[in-house]
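I have placed the structure first, in the form of structure tokens, so that the comments after it can refer back to it.
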Amino acid sequence: MTTETTGVPATPEQPVEERPARDHSTLSGIVGARATALQSGYLRNVSSSVAALAQLRRAVGKEPGSVPEILVHTLHPVFARGARSDEPTHDEIAAHHCLTLFALHQQSQAQWMHKRGVRLGAAMRQLVSPDSPPDNPVLRRFAMLSTADSPQELVHHLRGVAQLLRGRRIPLDYGQLAQDLSDWQRGGDRRTRVVLAWGRGFHFVTTTDQA
């Protein structure tokens with residue numbers, strides 16, 4: 001048993017969302033499945049899940065591979081495909097950062113903070129009220145997030161976003177975020193499409209979750 005406590009009551013498992021299952025042979029599917037399993041165990045106060053999330057939180061902002069005890073959660077053969085050196089792949093970097101940010105987001109929460117279909121821009125939009133001034137700090141943070149020019153800078157801003165979302169109990173799709181981060185690292189049109197998708201979710205108020 002771990003000495004850390006969740007600070008949240010055990011709750012029954014939430015119903016499965018009525019969405020087609022993700023392909024668990026993809027980055028988004030694997031990361032999403034792992035976040036779902038960890039949060040389910042955490043909310044039931046399963047000691048192994050509580051300990052795993054504590055370990056993942058300690059690796060927030062650190063480089064992939066720098067915290068060996070979390071590799072069982074952040075590595076997968078799918079993520080390593082195409083590796084030509086000992087440097088982490090785009091998928092390994094994305095999985096590492098998304099699962100550690102998820103652990104930070106889920107901390108002390110009594111409900112699921114990973115939720116399928118809630119993309120980054122749409123989640124951040126929920127932090128802004130309709131009458132927010134132009135200099136609202138969330139608007140400034142989104143602008144900085146959209147113009148980040150290195151993975152380190154992007155993850156720094158995402159850490160602040162995860163903390164804000166946790167404070168308001170707003171969930172995020174960490175499987176989708178992992179795919180976004182992998183594409184973002186590839187630059188060019190892929191990065192442009194990711195930033196555009198985040199912008200649409202943030203600036204357009206919609207009645208349905210974005211997949």
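Summary of computed values
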read-out: His114 long-range amide H proximity, modeled H, under 5 Å; value: Leu172
read-out: Calculated from backbone phi, Karplus (6.51, -1.76, 1.60) coupling profile of the range 95-107 in Hz, x at Gly/Pro; value: 5, 4, 5, 5, 6, 6, 5, 4, 4, 5, 5, 7, 3
read-out: Loop trypsin sites (Lys or Arg not before Pro), the range 142-211 (other Cβ atoms within 10 Å of the site Cβ: 14 or fewer; DSSP); value: Arg169, Arg186
read-out: Whole-Hz couplings from phi, Karplus 6.51/-1.76/1.60, listed for the range 57-74; x for Gly and Pro; value: 4, 5, 9, 4, x, 8, 6, x, x, 7, 10, x, 5, 9, 4, 4, 9, 9
read-out: Global geometry of the range 18-109, whether rounded, prolate or oblate, following the gyration tensor of its Cα atoms and the 1.5 cut on a/c; value: oblate
read-out: Estimated 222 nm signal from helices in the chain, with DSSP H stretches of n ≥ 4 weighted -39500 (n - 2.57), rounded to 500; value: -16500 deg cm²/dmol
read-out: Tensor-based shape of the range 97-211 (alpha-carbon gyration tensor, a/c under 1.5 rounded, otherwise prolate or oblate); value: rounded
read-out: Loop-located trypsin sites (Lys or Arg not before Pro) in the range 25-86 whose Cβ has at most 16 other Cβ within 10 Å (DSSP); value: Arg44, Arg58, Lys62, Arg81, Arg84
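No lab work stands behind these numbers, since they all come straight from the coordinates. Bear in mind the structure is a predicted one, so any value in this text is a computation, not a measurement. We place every Cβ from the backbone using ideal geometry, glycine too, and count neighbours over all the protein chains shown.
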